[in-house]
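The values are calculated or read from the model by the stated rules, or taken from the named source; none is laboratory data. Being a predicted model, the structure only gives us computed values, none of them experimental. Because the Cβ atoms are built from the backbone with ideal geometry, glycine has one as well, and the counts that use them run over all protein chains shown.
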There are 2 protein chains.
Amino acid sequence: KNSDEISQILKYCNEEHLAVCPQGGNTGLVGGSVPVFDEIIISTSLMNSILDFDQVSGVLVCQSGCVLEQLDNFARSKGFLVPVDLGAKGSCHIGGNVSTNAGGLKFLRFGSLHGSVLGLEAVIANGDIIDCMSALKKDNTGYDLKHLFIGSEGTLGIVTKISIQCPVAPTSVNLAFLGLNNFQSVIETFQKARNSFGQVLSACEMVDLASIQAVQDHFNLNPPLEEFPFYMVVEIASSCQGHDISLMEAFVENLMQNDLVANAIVTNDSKQMISLWKFRENVPESLRQNYVYTYDVSLPLNNFYEIIE
Amino acid sequence: KNSDEISQILKYCNEEHLAVCPQGGNTGLVGGSVPVFDEIIISTSLMNSILDFDQVSGVLVCQSGCVLEQLDNFARSKGFLVPVDLGAKGSCHIGGNVSTNAGGLKFLRFGSLHGSVLGLEAVIANGDIIDCMSALKKDNTGYDLKHLFIGSEGTLGIVTKISIQCPVAPTSVNLAFLGLNNFQSVIETFQKARNSFGQVLSACEMVDLASIQAVQDHFNLNPPLEEFPFYMVVEIASSCQGHDISLMEAFVENLMQNDLVANAIVTNDSKQMISLWKFRENVPESLRQNYVYTYDVSLPLNNFYEIIE
């Protein structure tokens, strides 16, 4: 499949007044890719070619049906990484990530896809192909139409190609898994993490006890720490391993002395980091088993937990 | 002045068919803020209030007429920084930076304003006020109209308010000023800088000999190094001073051993860093004296210098 085929299908559907539902990896939790009634599903899964990679600039150009994890593995083989990461990475498509402006676990460090996506190609309802495929990091020629497609959930058109700025992959990653007694400590720990680590802080996520327990039950996992009302995952990524270990250890020690953190695991073992990340990454999937209605809501940090209490 | 006044002025001008030229700090080099004929100039310089700053999230909300340097000083007093920096910072307005999607010296680290600007308010030609003032880092509700105003050079409306995500300010900054013999060495040094420093690389800029000489002549400065065809400014910013000095020294030593760099100055003295940055920041202003026609052109890195040769 390619853009021209998508164009022909959409042109036909438009002329015949047939409803269309674009689908990528179909991993979205809010149901954007689930047809409501009689729609024709157009899947991008055959559009999975990597078209270009520039070793100097780190710009990756690919079709929208590429699976996120495969793209990331490709970028990492070149010393770079794809600046989106989420639990569904093994099956979600980059086109879907762009169409939904997916946030994910590295959002804190790399920001939204509005900052990383340099260009895209999309096919609109009448079959026209919109070409905004600039691969320049800085491009101010004319209105930047591509941003309308980012986060528009396929309502304006089907994204077919993407060019994305890949940052260099860190050679050193260290992780702390923390147990905390209240939400105020979570906020203070976040601020301390940002101030202590600055540019090398790559993730800082919170999970509450009920969510951790849902993951444990669903995946039959042992608890990483004893029971606390809140848990945090703090990750730093840089290029100097030896230095970062002592930095992370000093950080956690300081938190414990200040009674912000009750217990902690600090590690740079990649297997252990993957298993600890599971307790955050798999929260949405575990909750789904209990017929929870799924939202994707953003709240100001200070008032974040009030809505639950 | 405030948004309502701008709205009334634009409404009147629209009804009377009067041409309007929005002007911020009037520092743009490509003439976007210079009236062509009989336009009415609407200046934002009285709209210079900081409206809000959230210490937890680092989100700054202000009017569009705030001078960039004053905003940055304010953010730094809170432990954060404004993720745009350019030679004209002492007089350019944040509204103009947003309207032109200004790149600047920290572009490599913080990316374009499409990634940093969380919300904006703009007044369009008929006087309507468009409110996209979300202050959430992640906000996927509806189409993201604000991106159309970013980089539209005031042609769609006058930006009146901005909310911007400020990253935490680094406590340690180290700079290397390098002399190189050819453009290939510049490209290779850029790649090595990115691989060595990863997340803490905050700037990596190139200046050629003719540009350096223009700055020297225009500002009557002594040359920082002897004559080379190319110079580079490499800056790293993090939160561990002691460690970064040795990192930068080892980096430069390695470049010299590999014959990529012919001579170098390494420093973390803030006065010396400011005076070295002058040789890059003031290139556009110095060239203007010679009646050079000014462009703002972006080129792929690999072919960057061919156009000059």
Subject >> Hits in region B:207-225 - residues which are closer than 21 Å to B:E235 by Cα and touching a residue at least 60 places away in the same chain (Cβ under 8 Å) >> reply: B:V207, B:D208, B:S211, B:I212, B:V215
**OP:** Hey, could you check region A:103-160 for residues that are closer than 30 Å to A:R194 by Cβ and in contact with a Phe, Trp or Tyr (Cβ under 7 Å, 6 or more places away or on another chain) and say which is modelled with the lowest pLDDT?
**Re:** A:K138
Original post:
Is there any pair with a first residue in region B:144-158 that is more than 7 Å from chain A (Cβ to nearest Cβ) and a second that is among the aromatic types (F, W, Y) whose Cβ atoms are under 9 Å apart and which are 6 or more apart or on different chains, and what are they?
Top reply: B:T155/A:Y143; B:L156/A:Y143; B:L156/B:F149; B:G157/B:F149
**OP:** Quick one: which strands (runs of 3 or more DSSP E) lie wholly within region B:44-123 and hold at least 1 residues that are out of contact with any strand residue (DSSP E or B) (no Cβ under 7 Å at 6 or more places or on another chain) and on the phi < 0 side of the Ramachandran plot?
**Re:** B:50-54
Subject >> Hits in region B:49-88 (condition: free of Cβ contacts under 8 Å to residues at least 40 places away in the same chain and more than 25 Å from B:S238 (Cα to Cα)) >> reply: B:S49, B:I50, B:C66
